[in-house]
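Trainee: Please read through the structure below; I'll follow up with questions.
The values are calculated or read from the model by the stated rules, or taken from the named source; none is laboratory data. Bear in mind the structure is a predicted one, so any value in this text is a computation, not a measurement. Virtual Cβ from ideal backbone geometry, glycine too; neighbours counted across all protein chains shown.
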């Protein structure tokens, strides 16, 4: 398919406008085009101009010596350049897809040594490399640090946020383009952010209804292949049309997510419970010691002794039993648990017991 007729684009846009948008999502919000991705860049550099809050490590001085040597300055042998106003840092950036040479991207600068703060510093020219070892951008500029650190002579100190991490907006210039497979071939593959067979099938059906039968085909639970024009200009227009179509994603499987560290419990709307009776209460056992002193008579040969005496008290909350009817919904589960005053930790215990009893038809995930 070398050309895309104008009436096809018109019908596609018409389908977008009049689609049933109830609970629908645009394809661009639930999927991405294969090969169109960002790339991570990393580099090493020096931050200068610090107010005596720099590194005290040896490799920072070595980096300074190497930099001065490249600039034509040779330090006398045996001199260790330990300047408190410099710091060794790592520089990270994300190269967006289709970035062209000359464009600017943001960079994040993080301290590698024992610097107290990067506030007020300036990053010297630092090359940023990709996973293949090639230089794709050059970073340099003044840091924006939101953190603050201050200390007194008595050893007291205060730190706000993190003063050892800063950003340089538009601090790197792109030097090399990353080739993508977007312009190659006669098809585009859309990958779902969340794999689901039903959603992939619905996406293919939605595209075929607008652009014609056999235009799109679901390859698996993640990928949908869409026939596209070979001409790059038409392919851009075609991708814009497809990514703005709407699809009704399928609901996620029934899941109960339990965060064991915070006690947070999340139950999605597909969770159902079969008939079950639940009784949950707390048993409290209190043991207190009340030692008794035994004092002998004044004219006896006995000795004063301490006799231990323990008081045992048992209390049990009289929580009511509640019943889950067949196929109760999420709202009914929450109401039943709240009526007996169960805490999040109690809810976890109830759900685990229901799962063990076979009454909870959901995947129980503990994170």
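Trainee: Please identify the pairs in which a residue from the range 207-219 that is buried (at least 19 other Cβ atoms within 10 Å of the Cβ) has its Cβ atom under 7 Å from the Cβ atom of a residue that is modelled with pLDDT under 90, counting only partners at least 6 apart or on another chain.
Mentor: 210/11; 210/12; 210/15; 211/8; 211/12
Trainee: Another one. With respect to residue 29, is the statement that it is farther than 23 Å from residue 141 by Cα, in contact with a helix residue (DSSP H, G or I) (Cβ under 7 Å, 6 or more places away or on another chain) and either at pLDDT 90 or above or assigned to a loop (DSSP other than H, G, I, E, B) (or both) true? Steps first, please.
Mentor: Numbers: farther than 23 Å from residue 141 by Cα: yes; in contact with a helix residue (DSSP H, G or I) (Cβ under 7 Å, 6 or more places away or on another chain): no; either at pLDDT 90 or above or assigned to a loop (DSSP other than H, G, I, E, B) (or both): yes.
Considered against the rule, which asks whether it is farther than 23 Å from residue 141 by Cα, in contact with a helix residue (DSSP H, G or I) (Cβ under 7 Å, 6 or more places away or on another chain) and either at pLDDT 90 or above or assigned to a loop (DSSP other than H, G, I, E, B) (or both), residue 29 comes out as no.
Trainee: For the condition modelled with pLDDT of 90 or more and more than 30 Å from residue 347 (Cβ to Cβ), what is the one hit in 228, 298?
Mentor: Only one candidate qualifies: 228.
Trainee: While we're on this one: Listed residues 282, 260, 288; which is at pLDDT below 70 and under 22 Å from residue 367 (Cβ atoms)?
Mentor: Exactly one residue qualifies, and that residue is 260.
Trainee: While we're here: May I ask you to verify whether residue 208 is more than 19 Å from residue 94 (Cα to Cα) and touching a helix residue (DSSP H, G or I) at 6+ places or on another chain (Cβ under 8 Å)?
Mentor: no
Trainee: Also: For the range 173-190, what are the residues that are surrounded by fewer than 18 Cβ atoms within 10 Å (Cβ to Cβ) and either under 30 Å from the mean Cα position of the chain (by Cα) or closer than 30 Å to residue 133 by Cα (or both)?
Mentor: 173, 175, 176, 177, 178, 179, 180, 181, 183, 184, 185
Trainee: What is the residue count in the range 84-136 for residues that are within 12 Å of residue 45 (Cβ to Cβ) and more than 27 Å from the chain's Cα centre (by Cα)?
Mentor: 10
Trainee: Let me ask something else. Which residue out of 41, 64 is touching a strand residue (DSSP E or B) at 6+ places or on another chain (Cβ under 9 Å), part of a strand (DSSP E or B) and crowded, with 17+ Cβ neighbours inside 10 Å? Even if it seems obvious, please write down each step before you answer.
Mentor: Working: 64 fails: part of a strand (DSSP E or B).
Residue meeting the stated conditions: 41.
Trainee: Take the range 45-61 and flag every residue that is more than 35 Å from the chain's Cα centre (by Cα) and surrounded by 17 or more Cβ atoms within 10 Å (Cβ to Cβ).
Mentor: Listed by number, the list holds a single entry, 61.
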